[in-house]
Amino acid sequence: MTQNLEIRMLAKVEEIEPIVELEKIIWQTDMPMPADQMVTAAKHGGMVLGAFLDNRLIGFQYSFAGFDGKRTYLCSHMLGTHPDYRYMKIGEKLKWKQREAALTLGYDRITWTYDPLETANGYLNIHKLGAVCSTYIENCYGDMQDSLNRGISSDRFQVDWHIGSQRVVARAEGKRQQYNDVSEGLLFDWERDENGYPVPMAEDIDWDRFEGTTMYLPVPAQFQQMKKQNKSLAIRWRAVTHHAFTYLFERGWIVTDLVRNEKATPVHFYVLHRKGEDYK
């Protein structure tokens, strides 16, 4: 089915306007990103990509140019796929096309944010694409008032995708690191509650024993379901991981991978290394 998939750059108003309707379907929102804003960004260093199946728009990616006072980079702001086509890995295909287009425009870094407890996103962003993270933004979008997110801080990772690096080139070729045993570098343990959800046991972390080693930080594998069924536990995971990531990033650690647990345990693991090493 994917043989009829085409991903292409969009710049004209009539090309970009259908994205507004797709946004409404994907996120059930009545406040989509305006087409004129995306058009303007596309004409000034940003980009809009559309994924088409038999000429039907089924996914998109929107980025704009960024500048931190020293260098330019690309801010990847929105990525979405029609719910009926999420099995086709359109998001991953859009990201690799984004990299190709960004390199042509002269960028060497793309940055974006995501919830570190959404491990499906983490697996794509960190493991498959090869992005890294050493920036934790507390309550990035303020207090969200929908029923699922109310009361849970909207914390986010800000990732850096060094698109010309050997690390990312290797990921583009399908080469990924394998991890056989995470027990030696495990930051803290967990136990299951009566519904099988993991409960973090993070009261007495011995931070000093991780000097100079690879570290594995557990996160819940099913955070969305946890929020629906046990919000207090979800809030606890947010607090524990907020403290851990903030503490580690301030001391020179960087997230370099995400390992899916293959033993049917209710957690996955972020992999962290010392930032002084070359993890671009």
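Overview of values
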{"read-out": "Those residues of the range 185-209 which are open to solvent by 60 Å² or more (accessible area, probe 1.4 Å) and either under 17 Å from HIS242 (Cα atoms) or at pLDDT 85 or above (or both), in sequence order", "value": "ASP189, GLU191, ARG192, GLU194, ASN195, MET201, GLU203, ASP204, ASP206"}
{"read-out": "Flag if THR256 is touching a helix residue (DSSP H, G or I) at 6+ places or on another chain (Cβ under 9 Å) and assigned by the TED database to the domain that holds ASP206", "value": "yes"}
{"read-out": "Single unsatisfied condition, ASN149 versus (1) out of contact with any strand residue (DSSP E or B) (no Cβ under 9 Å at 6 or more places or on another chain); (2) without any contact (Cβ under 8 Å) to a residue 60 or more places away in the chain", "value": "(2)"}
{"read-out": "Enumeration of residues in the range 1-55 that are of a type in the set (Gly, Ala, Ser) and within 18 Å of LYS89 (Cα to Cα)", "value": "GLY50, ALA51"}
{"read-out": "Filter result (loosely packed, with under 13 Cβ neighbours inside 10 Å and either within 17 Å of LEU272 (Cα to Cα) or within 17 Å of the chain's Cα centre (by Cα) (or both)) within the range 149-178", "value": "ARG176, GLN178"}
{"read-out": "Considering residues of the range 208-226 that are hydrophobic (A, V, I, L, M, F, W, C) and within 18 Å of the chain's Cα centre (by Cα) only, the residue farthest from GLU262 (Cα to Cα)", "value": "PHE223"}
{"read-out": "Enumerated strands (runs of 3 or more DSSP E) restricted to the range 174-280, each holding at least 1 residues that are under 25 Å from ASN139 (Cα atoms) and in contact with a Phe, Trp or Tyr (Cβ under 7 Å, 6 or more places away or on another chain)", "value": "198-201, 215-220, 253-259, 267-274"}
{"read-out": "Condition met for VAL219 (at negative phi, among the β-branched types (Val, Ile, Thr), at pLDDT 90 or above and surrounded by 19 or more Cβ atoms within 10 Å (Cβ to Cβ))", "value": "yes"}
{"read-out": "Residue within the range 244-255 that is out of contact with any strand residue (DSSP E or B) (no Cβ under 8 Å at 6 or more places or on another chain), small (Gly, Ala, Ser) and either more than 25 Å from VAL168 (Cα to Cα) or exposed (fewer than 14 other Cβ atoms within 10 Å of the Cβ) (or both) present", "value": "no"}
{"read-out": "When residues of the range 3-16 are limited to those that are part of a helix (DSSP H, G or I) and closer than 13 Å to TYR62 by Cβ, the one most open to solvent (accessible area, probe 1.4 Å)", "value": "GLU15"}
{"read-out": "GLY212 of a type outside the set (A, V, I, L, M, F, W, C), open to solvent by less than 80 Å² (accessible area, probe 1.4 Å) and either over 30 Å from ARG109 (Cα atoms) or in the same structural domain as PHE269 (by the TED database) (or both)", "value": "yes"}
{"read-out": "Selected residue (criterion: least open to solvent (accessible area, probe 1.4 Å)) from residues of the range 256-280 that are at pLDDT below 95 and among the charged types (D, E, K, R)", "value": "ARG274"}
{"read-out": "Selection from the range 32-76 of residues that are closer than 19 Å to GLN158 by Cβ, open to solvent by 80 Å² or more (accessible area, probe 1.4 Å), in a strand (DSSP E or B) and not hydrophobic (A, V, I, L, M, F, W, C)", "value": "THR72"}
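Yes or no, residue by residue, for (1) more than 20 Å from the chain's Cα centre (by Cα); (2) at positive phi; (3) at pLDDT 95 or above:
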{"site": "GLU15", "(1), (2), (3)": "yes, no, yes"}
{"site": "ASP30", "(1), (2), (3)": "yes, no, no"}
{"site": "VAL39", "(1), (2), (3)": "yes, no, yes"}
{"site": "MET47", "(1), (2), (3)": "no, no, yes"}
{"site": "PHE67", "(1), (2), (3)": "yes, no, yes"}
{"site": "TYR87", "(1), (2), (3)": "no, no, no"}
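Results for (1) open to solvent by 40 Å² or more (accessible area, probe 1.4 Å); (2) outside any strand (DSSP E or B); (3) free of Cβ contacts under 8 Å to residues at least 60 places away in the same chain, shown as yes or no for each residue.
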site: THR104; (1), (2), (3): yes, yes, yes
site: LEU117; (1), (2), (3): no, yes, no
site: ALA120; (1), (2), (3): yes, yes, yes
site: TYR123; (1), (2), (3): yes, yes, no
site: CYS133; (1), (2), (3): no, no, no
site: MET144; (1), (2), (3): yes, yes, yes
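The values are calculated or read from the model by the stated rules, or taken from the named source; none is laboratory data. In this text the structure is predicted, and so the values were computed from the model without any measurement. When we count neighbours, we look across all protein chains shown, and the Cβ atoms used for this are built from the backbone with ideal geometry, even at glycine. The protein model used for the area step is the full one, side chains on, heavy atoms only, and it has no ligands, DNA or RNA in it. Shrake-Rupley method; radii C 1.70, N 1.55, O 1.52, S 1.80 Å.
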